[in-house]
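The values are calculated or read from the model by the stated rules, or taken from the named source; none is laboratory data. Quick caveat, the model's predicted, so the values are computed rather than measured. Cβ placement follows ideal geometry from the backbone for every residue including glycine, while neighbour counts extend to all protein chains displayed. The area values use the complete protein model at the heavy-atom level, side chains included, leaving out ligands, DNA and RNA. Shrake-Rupley method; radii C 1.70, N 1.55, O 1.52, S 1.80 Å.
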There are 2 protein chains.
Amino acid sequence: MTNKKGIILTIGNELLMGQTIDTNSAWIARQLQEIGIEIVRRLSVADEATAIFQALQEESARADLIITTGGLGPTSDDITKQVLVDFFHTRLVLHEASLQHVADLLQQRDIPMLERNRAQALIPEGCTVLFNRYGTAPGLWFEAKGRIWIFLPGVPHEMQYLMENEVLPRLKNQWPFLKSIQHRFVITYGQGESRVAERLGDFEATLPVGIKLAYLPGNGLLKLRLTAIDAQLHDSLESTHQQLISLLSDIVIATEDLPYEQIIARKLLTHKASIGLAESCTGGYLAHLFTAHAGSSAYFTGSIVCYAPAVKINVLHVPADSIDRYGIVSEPVARAMAEGARQLLHTDFALAITGWLGPDGGTPEAPIGTIWIAAAHKSQILTHSYKLRGNRNRNLQLAATHALHLLDELIKSIYPHS
Amino acid sequence: MTNKKGIILTIGNELLMGQTIDTNSAWIARQLQEIGIEIVRRLSVADEATAIFQALQEESARADLIITTGGLGPTSDDITKQVLVDFFHTRLVLHEASLQHVADLLQQRDIPMLERNRAQALIPEGCTVLFNRYGTAPGLWFEAKGRIWIFLPGVPHEMQYLMENEVLPRLKNQWPFLKSIQHRFVITYGQGESRVAERLGDFEATLPVGIKLAYLPGNGLLKLRLTAIDAQLHDSLESTHQQLISLLSDIVIATEDLPYEQIIARKLLTHKASIGLAESCTGGYLAHLFTAHAGSSAYFTGSIVCYAPAVKINVLHVPADSIDRYGIVSEPVARAMAEGARQLLHTDFALAITGWLGPDGGTPEAPIGTIWIAAAHKSQILTHSYKLRGNRNRNLQLAATHALHLLDELIKSIYPHS
């Protein structure tokens with residue numbers, strides 16, 4: 001059975017002006033793929049009736065599903081509903097349940113009901129209303145001749161609630177024969193895209209028809225993605241994945257699509273080990289990576305963000321003398337930071353980093369881009385330095401990846417048989 | 001003089017599959033606007049020759065500039081150049097300077113030159129080659145009948161280098177008469193979109209023709225954007241902005257488009273004051289917000305990320321008794337964390353936060369979503385609690401905003417005349 005094709009249409013001047021980064025599209029695409037809908041185009045247009053109408057008209061001819069976000073709010077730049085009235089040749093009618101929900105929400109928040117809030121319960125006649133638990137703008141679902149159009153608010157957590165609770169269950173019900181598009185991943189560290197592609201020349205040449213390989217470099221890692229759109233290829237996808245893993249075994253860090261900190265978190269959980277950090281140049285970013293995930297308190301204890309040298313000395317007990325002799329970005333300082341954090345935070349592992357990410361800073365011995373990392377366990381300590389060549393933000397991402405990799409190496413060394 | 005219209009076309013299956021969030025489009029849009037090019041559509045298509053060719057054909061008719069990223073790399077899924085040969089009726093020729101650059105880059109990185117790297121110096125005949133300092137894929141610039149097409153690699157820091165050093169200077173040179181599209185911003189805290197829109201009813205009704213107002217809610221703040229596309233309206237934009245500021249003076253936190261931590265950073269710099277943090281539930285995120293910006297070492301000292309209760313007690317000297325009596329998420333604990341951080345980090349200000357962001361945790365007294373914040377100065381301490389209703393990630397963003405707001409209030413109280 002062939003899959004359905006979908007198009008994501010996002011509405012909003014802020015997207016075209018670059019003031020908002022469109023994270024909704026990626027999230028929606030992943031959900032739709034899970035249920036076997038392949039996104040073939042993604043389009044953003046302005047908050048203008050003509051642009052929206054024209055986009056709906058043109059894109060409708062290209063896909064089975066058009067899913068749209070934005071322009072359903074209570075303010076004057078929210079004009080999507082008026083366009084829908086024209087596009088679907090209908091009219092706005094008051095939807096009592098939605099009005100009641102708006103009233104309840106506002107009462108909960110102790111906000112008076114305004115005419116513009118009441119207007120959010122005006123719904124194009126003939127569509128299905130999708131309940132928006134977290135907001136005053138309901139989702140809208142239209143169907144005609146086997147094609148489906150869905151309109152959702154652009155606020156991410158409202159859109160996500162609607163997708164999970166209203167849209168996906170209805171789509172699965174509507175198109176029960178769909179099989180999900182399957183992916184397999186291999187994440188590698190330490191070799192560039194060209195080098196890996198060269199190693200995979202024969203592998204690519206003999207890939208089964210219908211299985212595709214993509215190279216997705218990012219943050220100092222290279223992610224390889226195998227995709228099978230046809231459900232009949234799933235067995236073959238499995239063996240192709242295994243083949244890829246063994247071809248790259250020397251550089252593989254993960255065989256599924258997880259952020260690096262989650263890969264490490266799993267290992268720490270397996271061994272009931274804890275981690276603490278001492279962060280200078282990453283300034284809390286590594287701690288944020290770990291704590292962004294629910295359940296991190298099971299292994300993550302804390303981080304001493306020691307941006308100022310005095311904090312390194314006073315809190316982590318890095319010898320002032322080491323800083324003077326070797327510089328603030330040096331192996332002895334990284335090592336002392338890791339040891340200090342491990343003892344202060346009472347953890348099994350500690351990871352420390354000091355560096356110059358730019359644009360300011362740097363010394364003759366440790367120019368901008370230099371980082372020193374130390375990973376400590378009571379029985380062993382590893383250190384490593386890198387020279388980074390990007391701007392501040394890219395260097396931060398790379399520094400985090402290199403730090404996690406050194407920690408990963410230490411964990412492998414401490415627990416060699418897992 | 002009317003402005004030029006641009007379209008951003010991003011190529012890559014990873015964008016449609018939602019595995020990569022498209023940050024390039026927003027960045028490019030902001031740069032182009034600065035020089036007076038209005039983005040009218042943003043489109044993403046797959047790594048498929050037909051899809052790319054068709055998109056080029058259709059979008060070319062709609063704009064003066066088509067700017068494209070992706071598909072120029074060294075691997076087999078990079079097929080953009082082959083499509084260009086067909087689209088522009090040309091052929092690939094070897095570009096010696098690009099080949100030399102590829103050779104130099106690889107040598108620097110101690111990587112052997114491969115045939116696929118050499119192929120990156122094959123350029124469609126008739127286009128202008130844009131030098132890519134950071135990568136092996138050059139940018140490509142085509143012109144015909146007053147219309148411009150630009151093709152850039154999708155790797156963000158390479159794309160950014162090419163935009164800043166090659167594309168923008170050439171566009172300004174090509175279209176010297178363009179005037180930048182002007183925006184003015186007001187950022188508010190504490191009232192929702194509907195409420196603010198209600199307050200601005202008369203203001204909106206009397207906005208000068210050609211000036212638009214947009215409501216951009218996010219992270220617990222509401223950003224209001226005024227836009228004048230026509231350069232002749234810039235004076236009028238200025239006075240409209242002033243009017244908006246005074247209408248909302250009770251809730252305005254900033255009158256330009258800056259992240260909240262940068263607004264606070266400026267105030268700290270003005271008063272030569274320093275800040276330190278004690279973060280439990282935000283887990284390093286607040287520290288990351290401050291340190292993501294260059295120059296933060298002038299005011300930011302460090303953060304004690306005290307995820308585990310023991311770290312609160314051992315490092316920050318929060319009384320264990322307070323935790324037992326009032327709970328880990330309570331006013332006395334937040335207060336002791338702030339005082340502990342201020343003393344340990346020797347800062348003028350300290351900001352502390354403890355809370356349950358979900359999905360785990362919570363107690364009868366402090367259910368999931370409860371946060372307690374304390375902002376401390378030697379002469380004064382402010383505390384505040386909030387109940388958040390989102391998922392973990394949204395609660396993190398909201399917690400950070402509320403924490404920064406409490407710090408902002410304290411700074412205003414300490415320095416009332418600035």
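See the values below:
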| read-out | value |
| --- | --- |
| B:R392 accessible area, 1.4 Å probe, all protein chains in place, Å² to nearest 10 | 50 Å² |
| Kirkwood Rh (inverse of mean 1/r, distinct Cα pairs), the protein assembly as shown, angstrom | 28.6 Å |
| Taking N as its residue count, the alpha carbon Rg of chain B over 2.2 N^0.38 Å | 1.20 |
| For residues of A:305-315, the mean tally of beta carbons on other chains within 10 Å | 6 |
| 5 Å-binned pair-distance histogram of segment A:84-133 (Cα, whole percent) | 5, 21, 28, 21, 14, 7, 4, 1 |
| Segment B:105-174 - Debye-derived log10 I(q)/I(0), Cα point model, q = 0.19, 0.25, 0.27 Å⁻¹ | -0.80, -1.18, -1.28 |
| DSSP H segments from chain A that extend 30 Å or more along their own axis, Cα-based, with Kyte-Doolittle mean of -1.0 or above | A:392-414 |
| Lysine pairs meeting the criterion (Cα under 16 Å, 8 or more apart or interchain), as found in segment A:260-414 | 4 |
| Pair-distance profile P(r), taking every C-alpha pair of segment A:100-242, with 10 angstrom steps and integer % | 10, 25, 20, 19, 16, 8, 1 |
| Chain B, relative contact order in percent, only Cα pairs under 8 angstrom and at least six apart counted | 10 percent |
| Among B:G355, B:L398, B:S379 - extreme Cα towards positive end, dipole of chain B, charges at beta-carbon | B:S379 |
| Cubic angstrom per residue, convex hull over Cα atoms of segment A:214-340 | 146 Å³ |
| Chain B: antiparallel DSSP beta bridges as a percent of all, rounded to 5 | 60 percent |
| Segment A:180-222, dipole about Cα centre (Lys/Arg Cβ +1, Asp/Glu Cβ -1), debye to the nearest 20 | 120 debye |
| Segment A:350-418 - Debye-derived log10 I(q)/I(0), Cα point model, q = 0.17, 0.23, 0.25, 0.27 Å⁻¹ | -0.60, -0.90, -1.00, -1.11 |
| At 7 Å out from Cα toward Cβ: A:G295 inter-copy label distances (nm, ascending) | 4.3 |
| Calculated over segment B:212-273: convex hull of Cα atoms, volume per residue (Å³) | 113 Å³ |
| Whole-angstrom gap from segment A:3-47 to segment B:144-191, using each part's C-alpha centre | 22 Å |
| Per-selection Kirkwood Rh - segment B:296-418 (Cα, Å, 1 d.p.) | 14.7 Å |
| Most to least packed among A:338-346, A:289-297, B:127-135 [average Cβ atoms within 10 Å] | A:338-346, A:289-297, B:127-135 |
| Peptide A:291-303, shielding by other chains (average Cβ, 10 Å cutoff) | 6 |
| Charged-residue dipole, Cβ positions (Lys, Arg, Asp, Glu), segment A:300-418 about Cα centre, Debye nearest 20 | 220 debye |
| Net charge, B:L277 excluded, C-beta distance under 15 Å - Lys, Arg +1, Asp, Glu -1 | -3 |
| Rg/Rh ratio calculated on Cα atoms of segment B:182-254 (Kirkwood radius) | 0.95 |
| C-alpha center-to-center spacing [segment B:316-338, segment B:257-314] in angstrom | 20 Å |
| Solvent exposure, largest accessible area first (probe 1.4 Å, DNA, RNA and ligands not counted), of B:R109, B:R116, B:R170 | B:R109, B:R170, B:R116 |
| Interface size A-B, as summed buried accessible area [1.4 Å probe, Å², nearest 100] | 7300 Å² |
| Accessible area in square angstrom per residue, the protein assembly as shown, 1.4 angstrom probe | 40 Å² |
| Protein-protein interface of segment A:173-206, residues with accessible area decrease of at least 20 Å², isolated chain reference, 1.4 Å probe | A:E193, A:S194, A:R195, A:A197, A:E198, A:E204 |
| Semi-axis lengths (Å, descending) of the ellipsoid that matches the C-alpha gyration tensor of segment B:307-376 | 21, 13, 10 |
| Probe 1.4 Å - accessible area at A:M17, Å² to nearest ten | 30 Å² |
| Residues of type lysines that A:K4 reaches as a straight line, Cα spacing below 25 Å, ignoring anything fewer than 8 places off in the same chain | A:K145, A:K172, A:K179, A:K212 |
| With DNA, RNA and ligands ignored, accessible area of A:I381 (1.4 Å probe; Å², nearest 10) | 50 Å² |
| Accessible carbon and sulfur surface of segment B:4-174 relative to its total accessible area, %, 1.4 Å | 47 percent |
| Tensor-based shape of segment A:4-174 (alpha-carbon gyration tensor, a/c under 1.5 rounded, otherwise prolate or oblate) | rounded |
